[in-house]
Amino acid sequence: MTIAHEGRLLFGGDYNPEQWPEEVWADDARLMKEAGVTSVTVGVFAWARIEPRPGAREFGWLDRLLDLLHAHGIGVVLATPTASPPPWLGRLHPETLPRDEDGRTVWWGSRQQFAHSSAVYRRHAAAITEDLAVRYGRHPALRMWHINNEYCTFDYGDEAARAFRDWLRAKYDTLDALNAAWGTAFWSQHVETWEDVIPPRRAQYLRNPAQLLDFRRFTSDALMECYVAERDLVRRHSPAHIPVTTNFMPLWVGQDAWAWAAQEDVVSVDVYPDPRDPLGGQYNAMIADMTRSQARGPWMLMEQAAGPVNWRGVNHPKPAGLNRLWSLQAVARGADAVCYFQWRQSRQGAEKFHSGMLGHAGEEGRSFAEVKRIGAELAQLSSEVTGTQVPSQIAVLHDWHSWWAGTQDGRPSTRVVYEDVVRAWHRALWEAHLTADFAHPEHDLSAYEVVVVPQLYLLTDAAVENLVAYVRGGGTLVCGFFTGTADADDRVRPGGMDARLRELFGIRTVHEWWPLEDRETVDCGEFAGTLWSEELTAAPGVEVVAAYRGGDLDGLPAVLRRGRAWYLSTLPEPPALRSLLANVAAGADVRPPLSGLPAGVEAVRRGGLLFLLHHGRGDVTVTLPDGTAYRDVLSGAAHTGSVTLGRFGVAVLAREARGHGAA
Ligand code: GLA
């Protein structure tokens, strides 16, 4: 389903008019028009405003608001308000409040205090969702449904325990199968009746890893059931072309976003890099690549900040130009919607120091001027990019089940943080100017020339076979340490690594894992390894690309290669990983969009355009291919030979008409 409306990229933000007197709304609509806003997300936290008492329905204000927005040509992404039930729900029905691992109640007073498996919560959520859908499903301002908000709650309470048992019964059928999968012979954990099965609540010492893994799976599924129930209700009362989404947190551990994305019409995500992070642009790129891959095409940047957030220790504003750079970067990497939290900065409540598109400084503010510029530029770009793809010949494999299994207590090293490892590999590709998709290890990988695996501790049999078939079919695979260690139940594979993978990479024996201390490195000859090392012996005839030097692993392989299958038993320092991946990619005939790109300049092709995004502050000159004339779609400037980008500069280049094909 398309995200763009009438060919326009969506531009807007969360709008919480319930926090403002109605006189302000007219001003909002005027300024939204001025800023080029196409749509706003309304109602995310409006449950108590719509239903101040059980069963009440106060829709008058929402009627007036939607009509006002429509009259100004502004569309509405209408949210179901079910992320934040009103206090009366918890007071009258305490079972709707989640419990933490210690059995303590999570009270109202903030947000998201709902127990996902509570029948009463689900009934109330369905009732308000259906009434909203009936009333506004055919409103002319409606562009999209937004279900709930950043589903992220855990619940260890009694109703969740019952739902967990039902989920386990459906998965295992018998207690024998559950006992086998959970390895309950260990520490006298055998469960004799279903009542013995509980969520992984506070316990004396390390808890059962397979139980923890299944509880994560269950929680993701239980939240998804809530989403699907509301999705089906809004669909029933809306025209078929109105898409449904729910906003993900970026690379967040709690949701299997591959599974969730398959249930969405539009995949959307909230992205808040720290403006002070020198690799903030890389972080954006990684989340964009992941979300685009989940969407299998255009995706929606549902929330970003125009300036500072309010939830870091120190909350930095965005220096002039950074909001624009990161917004255009999202478009370059496939976004068809660029939106913010939130339109107008709140004066009260916990987020009063979180920026808005229209901050406390109002329409005179520096940041609002930049917002207006972004709105105008997105309008300019719309006809060239909406609905178009971002080509990539590389895939990075990522899987939530492996993340869940690989990050529990009792493993070789707590220093290995999965998301940091993924980020290190993506960073290497980004710094090598190589555009990557993400993929699930069981996806069809045949469209990719190169597949990289930062770390997949848990691999199902189907995933292992997929990787082996991919290499047999001519693909190049580069695989990071501690991969293929466990099966789908988190049972260690015989030999410490799946035998089919050992064969693929030419690893004869995995003797021990040798994790490293913080800041400790291992000498691998040409480079230093970090985080981890492995005591491996290679099968005869296998190429040892790099070996450990000195120390306990002296002479043993650090990087080995059998044909097109590479295995890295450590994490090379950033420049080394970058050049290794760049060389492997070049060997598979995969190259950056332009040669000789300077550091800090991101180059991405989307549709027929070439985006050049400069993440640094000085001037930088990018050399363009000889004899090709380009036009900057935003500035109208013509470029041949080279283009110079200033601080946070962006060029969006199309080949001049006399050229051939795409940029
Ligand atoms: C999340 C939420 C928003 C808001 C922002 C603040 O993304 O969805 O409601 O709280 O964080 O950064």
- Query: Relative contact order, percent, of the chain when contacts are C-alpha pairs under 8 Å separated by at least 6 residues?
  - Reply: 10
- Message: List the trypsin sites (Lys or Arg not before Pro) within the stretch 604-663 that DSSP assigns to loop and that have no more than 16 neighbouring Cβ atoms inside 10 Å.
- Response: R617, R647, R658
- Message: Out of the trypsin sites (Lys or Arg not before Pro) in the stretch 227-271, which ones are loop residues according to DSSP with at most 14 other C-beta atoms within 10 Å?
- Response: none
- Stokes-Einstein D for the stretch 394-587 (4 °C, 1.567 mPa s, Kirkwood Rh from Cα pairs), in µm²/s, comes to 79
- Query: Among all the lysines, which ones have a C-alpha under 29 Å from K318's C-alpha, if same-chain residues fewer than 8 places away are not counted?
  - Reply: K33, K352, K372
- Message: Only sites in a loop by DSSP and with at most 16 other Cβ atoms within 10 Å count here; which chymotrypsin sites (Phe, Trp or Tyr not before Pro) in the stretch 314-363 make the cut?
- Response: F353
- Task: Kindly provide the pair-distance distribution of the stretch 50-155 built from C-alpha pairs, with 10 Å bins from 0 and whole-percent values in order of increasing distance.
- Result: 14, 42, 28, 13, 2, 0
- Normalised by the number of residues in the stretch 601-655, what is the relative contact order in percent for Cα pairs under 8 Å and 6+ residues apart? 41
- Carbon plus sulfur, as percent of the 1.4 Å-probe accessible area of the chain, comes to 49
- Would you mind computing Rg(Cα) / (2.2 N^0.38 Å) for the stretch 118-205, counting N as its residues? 1.62
- Query: Gap in Å between the Cα centre of the stretch 160-188 and the Cα centre of the stretch 1-47?
  - Reply: 47
- Note on the structure: Cα extents of the stretch 262-409 along the principal axes, largest first, in whole Å, come to 48, 46, 30
- Largest to smallest principal axis extent of the C-alpha atoms in the stretch 362-491, angstrom: 60, 37, 25
- Message: Could you check the spin-label model distance between A657 and D420? Points 7 Å from the Cα along Cα→Cβ, value in nm.
- Response: 5.5
- For the stretch 394-587, with only Lys/Arg (+1) and Asp/Glu (-1) charged at the beta-carbon, what is the dipole magnitude about the Cα centre, in debye rounded to 20? 460
- Message: So for the stretch 394-587, averaging the separation of alpha carbon pairs under 8 Å that are six or more residues apart and normalising by length, what relative contact order in percent results?
- Response: 20
- Query: Helices from the chain with mean Kyte-Doolittle at least -1.0 and a Cα length along the axis of 24 Å or more, per DSSP H: which?
  - Reply: 119-136, 209-236, 366-385
- Evaluated over the stretch 79-139, the Cα radius of gyration and Dmax, each in Å: 12.7, 45
- Query: When you take every Cα atom in the stretch 359-407, what is the radius of gyration, and what is Dmax, the widest Cα pair distance, in Å?
  - Reply: 19.8, 51
- Query: How much net charge surrounds L645 when only other residues with a Cβ under 13 Å from its Cβ are counted (Lys, Arg +1; Asp, Glu -1)?
  - Reply: 0
- Message: Let me check the size of the chain from its C-alpha atoms; what are the radius of gyration and Dmax in Å?
- Response: 26.0, 79
- Item | Value in Å of the Kirkwood radius, where the stretch 601-655 supplies the Cα pairs that are averaged | 11.1
- Note on the structure: The distance between the Cα centres of the stretch 386-460 and the stretch 72-98, in whole Å, is 35
- Using only C-alpha positions, report the orientation-averaged shadow area of the convex hull of the stretch 52-100, nm², one decimal. 4.6
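The values are calculated or read from the model by the stated rules, or taken from the named source; none is laboratory data. These numbers come from a predicted model, not from an experiment. Reconstructed Cβ throughout: ideal geometry from the backbone, glycine too, with neighbour counts over all protein chains shown. Remember, those area values only see protein heavy atoms, side chains included, never the ligands or the DNA or RNA. Shrake-Rupley method; radii C 1.70, N 1.55, O 1.52, S 1.80 Å.
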